[in-house]
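The values are calculated or read from the model by the stated rules, or taken from the named source; none is laboratory data. Note that the coordinates shown come from a computational prediction; the quantities given were computed from them, not determined experimentally. Cβ coordinates were reconstructed from backbone atoms using ideal geometry, including for glycine residues, and neighbour counts include every protein chain displayed.
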Amino acid sequence: MRKLIGTAAGIIVAVALTVLLVEALYRYYLSSIVAAEIAKTFKPDERPSFGAYGVPPWIFDRDQGFVFNQRPWLAAIFKDGAFTGCQIGGQADRYGNMGKGAEAYDGADLRLAIVGSSYSMVGDENGRLVNEVLMERLSQRLGRRVSILNFSRDATGVLTYVDTARYVAEKFKPHAIVALINVTALIYQRHWRVVLPEDDGFRRMYFSLDPVEHPTDPGRAVPQAIVINDGVNDEWCARLDPKRSGASNADRDPLIQRLFARHDKLQREKVAPAVLIDFWRTDVSFAMNLLRHGEPFHGMTMFGDQPIYSPLTLDRYTDDPGFNASVKTIAKTGIPLLPVHIPTLPEMRSFPDGGYEFAAHGVPPRRGKSLVADLEGALNEPFVHLYRSYPATYKSDPVQLVYSEADSHPNKLGVQAMAEALERMLLEHPATSKLLLHTN
């Protein structure tokens with residue numbers, strides 16, 4: 001009897017181990033198949049053009065999401081598969097902002113601040129951002145010293161603008177703050193940027209949904225496809241300068257080869273869809289699903305979007321505690337925060353006197369209208385449609401003000417037009433008209 005029981009137990013153990021082995025091998029097979037299919041979505045560029053930073057432009061900031069690095073952003077430049085040299089990609093002012101104006105801020109007669117996105121980070125024909133153009137125009141008109149700080153951050157939205165405005169109001173105490181808001185910014189989530197070290201001198205920049213310097217949840221922090229390596233420095237750039245060393249010598253440099261490999265890897269990751277299935281979960285059998293349903297992934301979602309890129313689902317900003325806290329703090333300072341609508345090309349064409357094209361830009365119309373009304377109520381300020389203040393000469397052909405039919409960011413002429421419209425708006429707005437005339 002004992003022998004029979006022992007034999008049966010051995011058979012049961014053997015069967016169980018066999019089932020586990022089959023399940024494990026099947027899961028490995030499935031994961032390999034999915035990986036192979038994803039790999040087909042990427043075809044590497046044999047002669048890529050890209051930049052590799054040695055000094056990353058972004059620094060984590062709890063209040064604003066991130067600030068820009070005050071060190072010059074040294075970068076190695078590759079064009080059509082060849083290293084062409086190094087250049088400085090930019091440099092922030094002493095407050096971590098793009099553009100000029102910080103130098104004279106403390107002693108200015110009139111101090112203003114802008115919060116916004118990439119729409120207010122574009123240069124005119126002289127490379128001046130909209131705050132710089134506006135600053136010069138107001139200084140000449142008023143005959144007084146005017147300084148305007150530009151706290152714009154690319155790929156950000158209203159929640160970040162209001163948080164940043166709170167920080168600016170408390171720390172810099174401007175006479176007024178202008179929030180430049182394009183329609184897509186209505187539904188952007190907050191995000192923070194962190195740059196973390198990896199192996200072999202490489203660093204990785206992340207968009208994080210949480211205000212932490214070291215994210216741990218991969219679903220809440222998404223790595224970006226930007227090449228960063230500490231080895232790209234002044235000494236390396238001078239030694240590999242194609243004008244001095246020759247391209248053939250540069251192409252054999254170990255770091256250059258690693259930068260190419262890194263670029264290829266990041267581009268491959270960028271186009272790969274996010275796989276939501278955990279192939280090693282213990283609450284389901286993929287083999288049993290195949291036998292029962294003819295589909296190993298029965299009841300599962302294979303691919304999905306990264307949560308960080310999902311649009312804001314709130315219908316009211318006032319449902320967000322952080323927003324309410326920021327608005328309350330700003331109100332206590334007495335500094336006006338003016339919501340100003342920056343138009344897109346479709347909006348310029350459809351609404352010459354100002355208006356919103358919600359659906360055309362991926363904003364559900366009902367939600368867009370609700371968010372606009374809620375923001376106006378919270379700030380006790382109606383939206384200003386800036387396009388109403390654009391000179392008529394610009395409105396005759398609005399495409400001349402933007403990059404292209406598909407990209408509504410202001411071009412060089414658009415920056416000038418925006419600055420002129422902001423000047424007119426500030427001179428006429430009830431919250432700033434007397435301020436501009438009587439500020440000490």
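Below, the figures for the structure above:
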{"read-out": "Test set (1) touching a residue at least 12 places away in the same chain (Cβ under 8 Å); (2) under 18 Å from Leu427 (Cα atoms) - Gly143 fails condition number", "value": "(1)"}
{"read-out": "Residue count for segment 82-140, restricted to those that are free of Cβ contacts under 8 Å to residues at least 12 places away in the same chain and of a type in the set (A, V, I, L, M)", "value": "0"}
{"read-out": "Filter result (touching a Ser or Thr at 6+ places or on another chain (Cβ under 7 Å), surrounded by 20 or more Cβ atoms within 10 Å (Cβ to Cβ) and in a helix (DSSP H, G or I)) within segment 407-424", "value": "Ala421"}
{"read-out": "Where a residue in segment 274-295 is on the phi > 0 side of the Ramachandran plot and its partner, wherever it lies, is in a loop (DSSP other than H, G, I, E, B), with Cβ under 8 Å and at least six apart", "value": "none"}
{"read-out": "Test: residue in segment 398-406 that is surrounded by 17 or more Cβ atoms within 10 Å (Cβ to Cβ) and either out of contact with any helix residue (DSSP H, G or I) (no Cβ under 7 Å at 6 or more places or on another chain) or part of a helix (DSSP H, G or I) (or both)", "value": "yes"}
{"read-out": "Elements of type strands (runs of 3 or more DSSP E) in segment 29-132, at least 2 residues being over 25 Å from Val168 (Cβ atoms)", "value": "50-53, 74-79, 82-88"}
{"read-out": "Scope segment 397-440; condition touching an Asp or Glu at 6+ places or on another chain (Cβ under 7 Å) and closer than 27 Å to His361 by Cβ; matching residues", "value": "Val399, Lys412, Val415, Gln416"}
{"read-out": "Number of the exception - Val222 against (1) of a type in the set (A, V, I, L, M); (2) within 12 Å of the chain's Cα centre (by Cα); (3) under 30 Å from Leu386 (Cα atoms)", "value": "(3)"}
{"read-out": "Flag if Arg203 is assigned to a loop (DSSP other than H, G, I, E, B), surrounded by fewer than 23 Cβ atoms within 10 Å (Cβ to Cβ) and in contact (Cβ under 8 Å) with a residue 24 or more places away in the chain", "value": "no"}
{"read-out": "One residue from Val195, Val232 being assigned to a loop (DSSP other than H, G, I, E, B), at negative phi and surrounded by 20 or more Cβ atoms within 10 Å (Cβ to Cβ)", "value": "Val232"}
{"read-out": "Pick from segment 359-417, criterion free of Cβ contacts under 8 Å to residues at least 12 places away in the same chain and acidic (Asp, Glu), ranking: nearest to Leu314 (Cα to Cα)", "value": "Asp407"}
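Listed here are the residues, each with its yes/no results for (1) buried (at least 16 other Cβ atoms within 10 Å of the Cβ); (2) modelled with pLDDT of 95 or more; (3) over 20 Å from the mean Cα position of the chain (by Cα); (4) of a type outside the set (Phe, Trp, Tyr).
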site: Gly334; (1), (2), (3), (4): no, yes, yes, yes
site: Leu338; (1), (2), (3), (4): yes, yes, yes, yes
site: Thr344; (1), (2), (3), (4): yes, yes, no, yes
site: Glu357; (1), (2), (3), (4): yes, yes, yes, yes
